[in-house]
Amino acid sequence: MKKAVVLFSAGVESTSLLVHYLKKDFYVYPVYIRAGMPWESVERGYAIKVWFRLKKQYKNMSPLRTLFMEVGPARHRFIPLDDSQIEIPLRNMVLTVKTALVALRKGAEVIGIGSLGVYPFPDNNRDYFDALQRLISEGARREIRIETPFMGMEKWEVIRTFKDSAPFELTFSCASPVKGIHCGVCAKCRERKEGFLKAGVEDPTPYMSS
C-alpha cells in the first residue's frame, strides 16, 4: 500500500489534505507538530476531534502523532507582517524536515503539505519545496516526494472541493481563541470567514465575535 505522512493542523486545508490521501487509498500517517505557538493547545484538541471523525470512516490511517519542535526564541516565533498576514520564519523547512524523519522510519514515499502558495512568504512556493525534496531525498538515500496538491488554489476553492467530504465544522483556524472558540476577529478567522463566503458554503464555525 502507498504511504503518505501528512502535516496536519486541523485547519481547512490540512483536513482536506487528509481526506485527499485517504480517498486515494494511501495509508496515512497524520502528524501534528507543536512549535510553541500560543494557539496550539486549542488547535491540537480540534485535531484530535477531526482525527476521530475521519477514523470512523477510513481505516487506512494511523493514530495522530504529535511531535515537538521549537522554532526559535519566543519573540521570533511569528512576525505580524500586516493586519492580515502572519509569517513564521523557516516554518516550512522545519516542519518538512521533522516530518521527513517520520516518512523515513515508516517507509512512506510521500510527505503531504497543504500549502496554497498564495502568501508571499519565501518558503511558500513550489521551487522551495522542490529544493527541500532534493536535499531530503539525497540525505535519506531514497526518494521522498514533497507533494502540495493544493498549490495555486485559494481557500474557497479547497472548501468548495471538499465541502461534502471534510468535517469542516470540526476544523480550527484562529490565532487568538477565546475559551476554545474562534475569536472571529483575528487574521486567520477573517480569512476563514472569507473562504466560506467565497465558496458559497455555509460557515459552520462558532465565533466569539462577528
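Below are the figures for this structure:
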| read-out | value |
| --- | --- |
| Set Lys23/Lys106; Lys98/Lys155; Lys155/Lys188; Lys56/Lys193; Lys23/Lys55; Lys49/Lys188 screened for pairs whose C-alpha atoms are more than 23 Å apart | Lys98/Lys155; Lys56/Lys193 |
| Those aspartates and glutamates that a straight Cα-Cα span of less than 15 Å connects to Lys59, excepting residues fewer than 8 apart in one chain | Asp25 |
| Residue with peak Gaussian network fluctuation, the chain [Cα springs, cutoff 10 Å], from Thr66, Thr15, Thr96 | Thr66 |
| Radius 12 Å from Cβ of Leu95, net charge of other residues (Lys, Arg +1; Asp, Glu -1) | +2 |
| Candidate aspartates and glutamates - alpha carbon under 14 Å from Lys179, same-chain residues fewer than 8 apart omitted | Glu40, Glu43 |
| Ala108 long-range amide H proximity, modeled H, under 5 Å | none |
| Arg34 long-range amide H proximity, modeled H, under 5 Å | Leu67, Phe68, Met69 |
| Inter-centroid distance (Cα atoms) of the stretch 150-183 relative to the stretch 1-34, Å | 15 |
| Potential extension, Lys163-Leu135 segment - 0.36 nm per residue separation minus Cα distance | 6.5 nm |
| Given charges at beta-carbon only (K, R positive; D, E negative), |dipole| of the stretch 147-198 in Debye | 280 |
| Linear extension gain, Lys106 paired with Leu90, 0.36 nm per residue minus alpha-carbon span | 3.3 nm |
| Ellipticity estimate at 222 nm from DSSP helix runs (n ≥ 4, -39,500 (n - 2.57)) divided over the chain, nearest 500 | -12500 deg cm²/dmol |
| Whole-number percent relative contact order across the chain, with pairs defined as alpha carbons under 8 Å at least 6 apart | 23 |
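Throughout, read-outs are computed from the coordinates displayed, never taken from laboratory work. None of the values given here were measured: they were computed from a predicted structure. Ideal geometry is used to build each Cβ from the backbone, glycine not excepted, and the neighbour counts take in all protein chains shown.
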